[in-house]
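See structure below.
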Amino acid sequence: MNRTLKTLTAAAASCMLSAAFFDAHADEGMWLPSLISQRIEDMQAKGFRLTAEDIYSINSASLKDAVVLFGRGCTGELISDEGLLLTNHHCGYSQIQKHSSVEHDYLRDGFWAMNRDEELPNEGLTVSFLERMEDVTDAVLQGYSPEMTETQRDSVVKANSGKLVEKATAEGNGLRATVEALYYGNQYFLFLYREYSDVRLVGAPPSSVGKFGGDTDNWMWPRHTGDFSIFRIYADKDNNPAPYSEDNVPYRPKRHFRISLGGVEEGDFTFVYGFPGRTQEYLMSEGVRYISEVSDPHRIALRTMRLDIQKKYMDAGQAVRIQYSSKNAGVANSWKKWQGEMKGIRKMGTVGKKQEYEKAFMEWARGTEYEGVVERLDSLYGLLEPYSYATDYYGETAYSIELVRFALGYNKKLTESMLSSSTDRIAELRKEMKKMAADFYKDYFIPIDRESFVAVMEAFDRNVTDDFKPEYFKESLTRYGTMEAWADSLWNGSVFADSLKLKKATDSLRLLSEDPAVKFGDAFDDWYKKEIRPVTKRLNSEITLLNRDYMRGQMEFSPDRVFYPDANLTLRVAYGSVQGYSPADGIYYKPVSTLEGIMEKDNPEIFDYNIPQRLREIHAAKDYGPYTVTDSKGNITVPVCFIATNHTSGGNSGSPVINADGDLIGINFDRVWEGTMSDIVFDPDLCRNISLDIRYVLFIIDKVAGAGHLLEEMDFVSDR
Ligand code: ARG
Ligand code: GLU
């Protein structure tokens, strides 16, 4: 077959295939703000009334200046000219938890600073504003030539990126820069952030509002969670980043959101501006099969064991419930997501569809530079699988033991302090160790950790083949006979299991490298570093190289398909509209939920559904003020949450949800369970992001918390 003809047939095949499976569907995609002009016509056609410059501009204040990376995994938005910031309750959760004790239980009762002096500082918490981003592909690849190996290419990329970062941050002043690869390294961008580290807690509703529905409703619709918390950014008197100080003043942002009281209706345009963490939309079939058929099921099973153990003790006492609430939410969250993801991928037949696509690609690639790329990727994934499996198992078993993590972290500092000759450094390390120990023991409950150890390590023994187990593990298990006996030796024999013993050991400068917890951790770490990671790294670097070619190849193979870069915790725009969905035959979910649904779920007997008494009273009195709406049945009520077709991911939590005029209508906090495969494959019929209606946020602040003074700083628009 001559070349032109072949291209034509292949193009026809590719058209059919991409139309059938891989067309960027309406609303699919997370776009780079600096390139949003490429999407703006589509956005405007769907109802957006502003311009690309309004979304992202380096010359004047734009909406991007009102969005922050909150910590290292959430998003937040500015809502006043005095640095007031909104994010999710679950994003501020560990801060709220750290300020809590049995006497002041801000998780249970909520927290509201009634004046600026009562706002609580949070060590270690930062927020980052994106100053600008730019394509630096040429600079990053300077000195690279195609005959280089992937490792050599990596060194070139690293060295050039380092120079760019250094240059960009030369002026100091809280600037932070990163260079990130897009499209598997076909493109590189420099991101320059201004990072603030004095961020104070201003308010949080009680968990009975902020985590209403708990892990029962998590990842689900219909939803009624008031998942928000409020912080304030502080700066020095020149508005620059500064470490916490009493002299700091509220930060004055270049831009903050106006708040719309107009509400949402089905079909309304919405857009989400935030920091999605990680997606793998172009992963080949073998990678998807591994995730949905091996990794997800095994990790789910391992977490089920730990969650059952945690639940048993948390149900038995309030102190343990507080200690483990944050840890438990973390473990449960991915556990539930993986279940939805696995199911969604199976339901969509993604593995089979990708195989077909790859077959067509292979046909087309014959005789081109892409010939053999898919075949080689396929065999590399085959080689990688047992190593990924061992890594997954390690992560969910030995690596999850709290005692061991703590022992390793502490011992590292202890060892350094014993080797150091600088008295200043020793004093500093001492202080850090003291804090580390205090934080650890405050939230540590031995029976949970010990039982989890037995359960997950037994699973490790059962489900990992002998050649992928550390020698140390096999020998020790033979020596102890049972996992129970091994656990005894750890929790009776390790000084880390007892804060007083640890203090004594530290004070007497005892070397702890022979401590059983340290030995356990070191042995697994060592094994992982020597036997698993090097192979994983080598294979992954070959995979990355091929994926880069495969990505380019796909762009040539399907010239009409729109490719957006996978998420990598950089700022993105997703847009869509408010829409219900049908998760199963015979069911249709409406796109908005209201206070009536909270009252239907209310049940003082069930922890997750026991609402504050105040909310019951307000409901009885129907005293909703400006937040009143009439639902489809004619009830006077308050809006709570809504869903839309925006393509979001983990990291988009806390993101502003914005209407056609650029005003704030909600806070993103979740996705629907049936659509959680959108990190790998997006189904426009099922993938929905879940947002908190901004009017419910205001209602809680104003009517339930009695913190209406905060509303005085905000700007409102009321018309639809
Ligand atoms: N699923 C949401 C997210 O991925 C919320 C998680 C926090 N809530 C919870 N119940 N664990 O972050
Ligand atoms: N709750 C998620 C987060 O923490 C957002 C939900 C999602 O994964 O889409 O980022």
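Side notes on the structure shown:
- For Lys98, the lysines whose Cα falls under 19 Å of its own Cα, not counting residues fewer than eight places away in the same chain, are Lys211, Lys327, Lys431, Lys434, Lys435, Lys442.
- Here Met599 and Glu147 are evaluated by their C-beta separation; at R0 = 60 Å the FRET efficiency comes out at 0.30.
- For the stretch 487-569, the set of chymotrypsin sites (Phe, Trp or Tyr not before Pro) satisfying both a DSSP loop assignment and a count of at most 12 other C-beta atoms within 10 Å is empty.
- In the chain, helical runs assigned H by DSSP with n ≥ 4 each contribute -39500 (n - 2.57); averaged across all residues and rounded to the nearest 500, the mean residue ellipticity at 222 nm is -13500 deg cm²/dmol.
- Stokes-Einstein D for the stretch 493-646, Kirkwood Rh over Cα pairs, 20 °C, 1.002 mPa s (µm²/s): 91 µm²/s
- Hits among aspartates and glutamates - C-alpha to C-alpha of Lys359 under 20 Å, sequence gap 8 or more where chains match: Asp23, Glu281, Glu286, Glu369, Glu371, Glu375, Asp378, Asp549, Glu556, Asp560
- Residues whose placed amide H lies under 5 Å from that of Asp198, excluding near-sequence neighbours: Tyr234, Ala242
- Sites Lys530 and Asp315, calculated FRET efficiency, Cβ-Cβ separation with R0 60 Å, nearest 0.05: 0.90
- Its residue count N sets the reference 2.2 N^0.38 Å, and the alpha-carbon radius of gyration of the stretch 280-323 equals 1.78 times that reference.
- Per residue, the convex hull around the alpha carbon atoms of the chain comes to 181 Å³.
A short reminder: the numbers here are calculations on the coordinates, not readings from a lab. Only a predicted model underlies this, so the values are computations on that prediction, with no experimental measurement involved. Glycine gets a Cβ as well: all are built from the backbone with ideal geometry, and neighbour counts include every protein chain shown.
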